[in-house]
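The values are calculated or read from the model by the stated rules, or taken from the named source; none is laboratory data. Since this is a predicted model, take the numbers as computed values, not measurements. When we count neighbours, we look across all protein chains shown, and the Cβ atoms used for this are built from the backbone with ideal geometry, even at glycine.
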Amino acid sequence: MHSSPAELFANYVMPTYAPGLTLVRGAGVNVWDSAGKEYLDFTAGIAVCNTGHCHPAIRAALADQAGKLIHCSNLFYNELQPRLAQKISQLSLGGKVFFCNSGAEANECLIKLARKWGSATGRHEIITMKNSFHGRTLATMTATGQTKYQNGFAPLVPGFVYAEFNNLDSVRAAITPATVAVLCEAIQGEGGILPATPEFLTGLRELCTAKNLLLFFDEVQTGIGRTGQWFGYQHFGIRPDGISMAKALGSGFPIGAAAVTPELSNVFQPGNHASTFGGTPLASAVALATLETIEKENLLANANQMGARLMDGLRRLATTNPLITAVRGKGLMIGLELNAPAKPYEAKARENGLLCIATGEHVLRFVPPLVVNADQIDRALAILTQSLTP
Ligand SMILES: *Cc1c(COP(=O)(O)O)cnc(C)c1O
């Protein structure tokens, strides 16, 4: 008799997660559990599977490259990594790119780059926002402005200062002679789908320019088309100095990257930073296929259209459903705030065939694949109407 995944997990996997379901298959916006039940997947592996589950172009890229060269280290060029860097650069800040394997590592790269850049003038302090999320390594956990992620892990990494999100005066007050950079999300994802205001972000840009500070955006969740632009900052008509990305970049294959402006492109010199797996041929192939698929299938436009449809439907539901206190988001990164804990409603929606994510205490988060269609949005709305009852 084989042990179930849940039994093996309980005995052998460190209990940092508490999964409730075993998934065995995915196709597009659908996933199936081990009992054969079908779900609409509005979690997309936490804003990762933007091209949908097991997209044919993604499978082909993985299979083709797996037969050619999987890994060769950064001691050698591979044919795909520089092409991917060019593509990311053209879609974002026009400068150079560093490759790593996760969102936390991409933020670490920006943090180290800011310190290296600031070392010439003796500056190292980085201002981040309260209620933010930047990752789980020691430095990115410290950058994360939420004590619940930090408790028990003291001493934290020195050099981080917190300001109020959407409060420019608070950022201004946090600046000291040691400040070198500001790190911010365009929409706070883990914090509960809280969009930055245009005034805050344009004000941040002006403030950082005036004070000679670097402005970085954590685009790990908002990037790769999630909000209906390639990157969240692009809604605001401003240019940051650097961005981090990961989650959706490889359609589920691990890859992260930090991209900067031409002015910052040569701050790192050989030996300053590295990653064994950064930008392997396999990771680069699947990331290129991801970006090309998003382009070819017009998924930015689809994210905007389907996001508007979901948002409209949720707003309509809010007019009659007393549980709902707010609907927020951009593109297909949408949060529904409830006046009750969200976790039980996540479970109810799951029972009814819709996967979504409770985030913060009171928010249900919807981040479906960008390939989602109108019929699937409408079915999700019907399931929510049925599930959001006391
Ligand atoms: C998920 C996330 C991270 C961390 O990414 P990992 O790949 O888990 O290290 C960082 N920042 C934001 C905004 C995220 O959503």
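Can you pull out every residue in the stretch 241-286 that is hydrophobic (A, V, I, L, M, F, W, C) and over 18 Å from the mean Cα position of the chain (by Cα)?
Here is the first cut: in the stretch 241-286, the residues hydrophobic (A, V, I, L, M, F, W, C) are 243, 245-246, 248-249, 253, 255, 257-260, 264, 267-268, 274, 277, 282-283, 285-286.
Matches in the stretch 241-286: L264, V267, F268, A274, F277, L282, A285.
Tell me which residues, restricted to the stretch 57-70, are assigned to a loop (DSSP other than H, G, I, E, B) and among the aliphatic types (A, V, I, L, M).
Applying the first criterion (assigned to a loop (DSSP other than H, G, I, E, B)) to the stretch 57-70 yields 67-70.
Residues satisfying the conditions are L69, I70.
Being assigned to a loop (DSSP other than H, G, I, E, B) and either closer than 15 Å to A358 by Cβ or modelled with pLDDT under 95 (or both) is the filter; apply it to the stretch 41-56 and report the residue that is nearest to the ligand (Cβ to nearest atom).
This residue is T43.
Among the candidates T142, T176, T128, which residue alone is away from the ligand (no atom under 16 Å from the Cβ) and of a type in the set (V, I, T)? I'd like the intermediate steps shown before the answer.
On the way: T142 fails: away from the ligand (no atom under 16 Å from the Cβ); T128 fails: away from the ligand (no atom under 16 Å from the Cβ).
That would be T176, the only listed residue that is away from the ligand (no atom under 16 Å from the Cβ) and of a type in the set (V, I, T).
Please give the number of the condition G26 fails out of (1) surrounded by 11 or more Cβ atoms within 10 Å (Cβ to Cβ); (2) not in a strand (DSSP E or B).
The single condition G26 does not satisfy is (2).
As an exercise: evaluate A257 against (1) out of contact with any Phe, Trp or Tyr (no Cβ under 6 Å at 6 or more places or on another chain); (2) farther than 26 Å from V363 by Cα and give the number of the one condition it does not meet.
Every condition holds for A257 apart from (1).
Within the stretch 5-23, which residues are out of contact with any helix residue (DSSP H, G or I) (no Cβ under 8 Å at 6 or more places or on another chain) and exposed (fewer than 11 other Cβ atoms within 10 Å of the Cβ)?
Narrowing the stretch 5-23 to residues out of contact with any helix residue (DSSP H, G or I) (no Cβ under 8 Å at 6 or more places or on another chain): 5-18, 23.
Scanning the stretch 5-23 gives E7, N11, Y12, M14, P15, T16, Y17, A18.
Do we have E190 as surrounded by fewer than 24 Cβ atoms within 10 Å (Cβ to Cβ), acidic (D, E), more than 21 Å from E263 (Cα to Cα) and in the same structural domain as W230 (by TED's automatic domain parsing) here?
On the way: surrounded by fewer than 24 Cβ atoms within 10 Å (Cβ to Cβ): yes; acidic (D, E): yes; more than 21 Å from E263 (Cα to Cα): yes; in the same structural domain as W230 (by TED's automatic domain parsing): yes.
So E190 passes the test.
Mind counting the residues in the stretch 255-287 that are among the hydroxyl-bearing types (S, T, Y), more than 16 Å from the ligand (Cβ to nearest atom) and closer than 13 Å to F99 by Cβ? So that I can check it myself, show each step before the final result.
Residues of the stretch 255-287 that are among the hydroxyl-bearing types (S, T, Y), as a first pass: 261, 265, 275-276, 280, 284.
Restricting the remaining residues to those that are more than 16 Å from the ligand (Cβ to nearest atom) gives 261, 265, 276, 280, 284.
With closer than 13 Å to F99 by Cβ added as a condition, the list becomes 276, 280, 284.
Of the residues in that region, 3 qualify.
Does F217 satisfy being assigned by TED's automatic domain parsing to the domain that holds N131 and over 14 Å from the mean Cα position of the chain (by Cα)?
Criteria not met by F217.
Can you run down the residue pairs with Cβ atoms below 8 Å, 6 or more apart or on separate chains, where the first is in the stretch 94-114 and of a type in the set (D, E) and the partner is within 15 Å of the ligand (Cβ to nearest atom) and part of a strand (DSSP E or B)?
E105/G256; E108/C100
Please identify the pairs in which a residue from the stretch 9-23 that is within 22 Å of K343 (Cα to Cα) has its Cβ atom under 9 Å from the Cβ atom of a residue that is polar (S, T, N, Q), counting only partners at least 6 apart or on another chain.
Here the result reads L21/S34; T22/S4; T22/S34; L23/S34, each pair linking the stretch 9-23 to a residue that is polar (S, T, N, Q).
Scan (1) farther than 22 Å from R226 by Cα; (2) in a loop (DSSP other than H, G, I, E, B); (3) touching a Ser or Thr at 6+ places or on another chain (Cβ under 8 Å) for the single condition A6 breaks and write down its number.
(2)
So which residues in the stretch 227-254 are near the ligand (Cβ under 10 Å from one of its atoms) and part of a loop (DSSP other than H, G, I, E, B), if there are any at all?
Scanning the stretch 227-254 gives A246, P254.
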